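One structure is given below, encoded as structure tokens.
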4 protein chains.
Amino acid sequence: MAVTARDNVAFEAGIKLGALYHQFVGAPVSLETAASLEQAIAASIGVQPYVKAITVSLDRTMIRESLSAFGYTELKGPMLKVDAVMQFKNYEASVGIKYTDGYPLMFIKEIKEI
Amino acid sequence: MAVTARDNVAFEAGIKLGALYHQFVGAPVSLETAASLEQAIAASIGVQPYVKAITVSLDRTMIRESLSAFGYTELKGPMLKVDAVMQFKNYEASVGIKYTDGYPLMFIKEIKEI
Amino acid sequence: MAVTARDNVAFEAGIKLGALYHQFVGAPVSLETAASLEQAIAASIGVQPYVKAITVSLDRTMIRESLSAFGYTELKGPMLKVDAVMQFKNYEASVGIKYTDGYPLMFIKEIKEI
Amino acid sequence: MAVTARDNVAFEAGIKLGALYHQFVGAPVSLETAASLEQAIAASIGVQPYVKAITVSLDRTMIRESLSAFGYTELKGPMLKVDAVMQFKNYEASVGIKYTDGYPLMFIKEIKEI
């Protein structure tokens, strides 16, 4: 069976989440700079093809709990909450990253024809 | 329509390629160390769930042409040739990264039920 | 001879520039999102210890010239212009990254006792 | 006072440790692939200018303790033990990364004229 638009929207959604995670995890962050990093991550991933919408939110409680004596920490996977919508031709995928069972889970919420 | 195993194999394949690219692009590399980096990238991405097979090959000609006066360069997207096979339940996806039209293209070759 | 404050200010300055470069090079960027990425990079690196001041500017001409058909590119080393001041005890180092002779050069401008 | 060879060896050593950390932290790793990743990191950073020697060792106990249900984890800063020697002109710096007080500390062991 040939590769479909539905396959591609799922594939492209995966690419963006994998890219986001491995590009930005490790970046130094504090409570004061979390908002700036959230916006830059969303803007950066949002310029890529097929991204219709994306929001990124960093867990302030986890940031606070991992602050070092120097008052900062690094972005860690579990801190990431991401919701994104991709469109490829007539298919739309809603996907996300959410901390689940001790693990930053990447998942598909819904794929639909539009 | 509910999310299917076929959707998930495409999504997981995308995650791995996005991760590979954004984790390792930028790593210093020379002609002498290209083989070590190829193997480590394949081994690293290969430990992730659903990866059945992966091969990574770095374009030696491009590496040679981008060497700085110091005899090394950085891994750049166009140098990457990747072939990977993912399995999710009863679906298998063959995907890759290949330099095409001046761009490191990520693509699905085939998805099939197994 | 024991390790001095002057040694440490140079060492810490190097750490920050190496971190900045390898954390953020590869991030997707367009003309519209360059400002957001500049601010987030400066804010992120600025939370680390010993950073007194940092400014990051991304070369818009280089971004424009590397835009893909999809209207975006990736942050590349040569696009980075960075000026930073570090302080360690009574020593201050002014350092930077600047595109020089085809290479994103990291350099010390001045180290002084304060 | 002008920038000296001693300043530069400390600065270059810092660059390499910052680069190593932010390039490779986040890479998927398991007990089976840790050796391959260690070698690739050392080889990659070792191609850069002024690096005379470098060894990288990843803490197997920490890797084992952070394995997810899928049998892998990600390289985290505390897992890194690095020893490196840099040379710049007639100065040599011995530096490292070592998990200390809950923090992956980067430090100068010694700088000497050679």
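Observations
- Of the Cα atoms belonging to chain B, the radius of gyration and Dmax stand at 15.3, 56 Å.
- Basic side chains Lys and Arg get +1 at the Cβ, acidic Asp and Glu get -1 at the Cβ, and with that the dipole of chain C about its Cα centre reaches some 120 debye.
- Eligible lysines near residue A:76 by straight Cα distance, threshold 21 Å, same-chain separation 8 or greater: A:16, A:98, B:16, C:16, D:76, D:81, D:98
- Between the residues D:46, D:91, D:28, the greatest Cα displacement towards the positive end of the dipole of chain D, with unit charges on the Cβ of Lys, Arg, Asp and Glu, is found for D:91.
- Beta carbon of chain A nearest to the axis of the rotation taking A to C, residue and angstrom distance: A:40, 2
- Taking the longest Cα principal axis of chain C as reference, the axis of helix C:34-46 is set at about 20 degrees.
- Proximal lysines to residue C:112, defined as alpha-carbon separation beneath 16 angstrom and excluding residues fewer than eight positions away on the same chain: C:52, C:89
- Our summary gives chain C a relative contact order of 28 percent, counting only alpha carbon pairs under 8 angstrom and 6 or more residues apart.
- Region A:26-87 and region B:17-90 have their alpha-carbon centroids 26 Å apart.
- Check: the protein assembly as shown dipole with +1 on Lys, Arg Cβ and -1 on Asp, Glu Cβ, in debye: 0
- Inter-chain Cβ neighbour count for B:102-109, averaged per residue, equals 3 (cutoff 10 Å, partner chain atoms only).
- Computed [θ] at 222 nm, deg cm²/dmol, chain D (DSSP H ≥ 4; -39,500 (n - 2.57); rounded to nearest 500): -11000 deg cm²/dmol
- Local net charge near residue A:89, Cβ-Cβ under 14 Å (Lys/Arg +1, Asp/Glu -1): -1
- P(r) weight above 16 Å for region D:48-88, C-alpha pairs, percent: 49
- Taking every residue in A:44-56 and counting other chain Cβ atoms within 10 Å of its Cβ, the average works out to 4.
- Teacher prompt: residue A:90 distances to equivalent labels in other copies, 7 Å Cα→Cβ, nm: 2.7, 7.6, 7.7
- Peptides C:46-56, D:38-48, A:99-109, ordered by how many other C-beta atoms sit within 10 Å of their residues on average, highest first, read D:38-48, C:46-56, A:99-109.
- Count Lys and Arg as plus one, Asp and Glu as minus one, and take only other residues whose Cβ is under 14 Å from that of residue B:33; the net charge is then -2.
- Across the identical copies, how the residue A:4 labels are spaced - nm, sorted shortest first, 7 Å along Cα→Cβ: 0.4, 7.1, 7.1
- Value in Å of the Kirkwood radius, where the protein assembly as shown supplies the Cα pairs that are averaged: 22.3
- Copy-to-copy label separations for residue A:101, where each label sits 7 Å from Cα toward Cβ, in nm and ascending: 3.9, 4.1, 5.5
- DSSP beta bridges in chain D [antiparallel fraction, %, rounded to 5]: 100
Taken together, the values in this text are just the output of simple stated rules run on the coordinates, not laboratory data. These figures come from a predicted structure and were not determined experimentally. FYI the Cβ positions are ideal-geometry reconstructions off the backbone, even for glycines, and counts take in every protein chain you see.
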